[in-house]
Amino acid sequence: MLTVEDQTVRDCLELMDEVRPLGLKHVGFKDIGVGRPVLAELTRRIREAGAVSYLEVVSTTPETVLASTRAALELGIDRLLGGIDAPAMLETLKGSAIRCYPFAGKPIGHPTKLDGSGADIAADCRRLEALGAAGVDLLAYRATQADPLDLVRAARRVLAGELIVAGSIDSPERVKALAAAGADAFTVGTAAIRRRFSALAPDLVGQLQAILAACG
């Protein structure tokens, strides 16, 4: 994710050009931080690089969530993450090819935290899949009331679709723990751009190489 502290970074276009030689297959950004023209150009460059594009909605009101969902349609995003109004998002996306992964649980504030127990998360996963979501976006390491991995396991037990874990994934150990708990995918933004994922990698390309190695 070309984001820091839940916002798309202003130099996202330059960073996209910097990391393109890595051949990344999945690249995303948030719905806030830069203007629509920049997001449109960023989406074009992600597509040109042959990667799947992701927009994660961190806006916190029904009106702004709906506006970001419409923006995803206009931009031609492949996958929409997050958002707190799944029924409205899925209705807006009906007939499009965009796969939607709403937030499970009760996301609050910005940068976003996550309220809810394992039972709450499981119930919400069932609800979201029944609505037609392709899976969920789970802020496990932003949890305020439960162990992060307990939330991942609770979601995995009930989900038929994909389980994407977002937020505060900043080490190889967390990547491996998420895989063991049943996550299908995860996002990394701040940890890579701020050079926090690996102490041995001095630049963004090195950080991303360390992340890819952790996935292996």
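The values are calculated or read from the model by the stated rules, or taken from the named source; none is laboratory data. Source: prediction; values computed, not measured. Cβ atoms come from the backbone with ideal geometry, glycine included; neighbour counts cover every protein chain shown. Keep in mind that these areas ignore ligands, DNA and RNA; they rest on the heavy atoms of the full protein, side chains included. Shrake-Rupley method; radii C 1.70, N 1.55, O 1.52, S 1.80 Å.
Assorted remarks:
- Test: residue in the stretch 192-206 that is surrounded by 15 or more Cβ atoms within 10 Å (Cβ to Cβ), in a helix (DSSP H, G or I) and within 18 Å of the chain's Cα centre (by Cα): yes
- In the stretch 74-127, residue farthest from residue 148 (Cα to Cα) [restricted to those that are under 17 Å from the mean Cα position of the chain (by Cα) and open to solvent by 70 Å² or more (accessible area, probe 1.4 Å)]: 99
- Where residue 52 falls short, out of the listed (1) under 16 Å from residue 26 (Cα atoms); (2) open to solvent by less than 10 Å² (accessible area, probe 1.4 Å); (3) among the β-branched types (Val, Ile, Thr): (2)
- Test: residue in the stretch 55-68 that is of a type in the set (Asp, Glu), more than 30 Å from residue 122 (Cα to Cα) and touching a residue at least 40 places away in the same chain (Cβ under 8 Å): no
- Total residues in the stretch 55-66, condition in a helix (DSSP H, G or I) and open to solvent by 50 Å² or more (accessible area, probe 1.4 Å): 3
- Residue that is most open to solvent (accessible area, probe 1.4 Å) [pool: residues in the stretch 1-42 that are charged (D, E, K, R) and in a loop (DSSP other than H, G, I, E, B)]: 10
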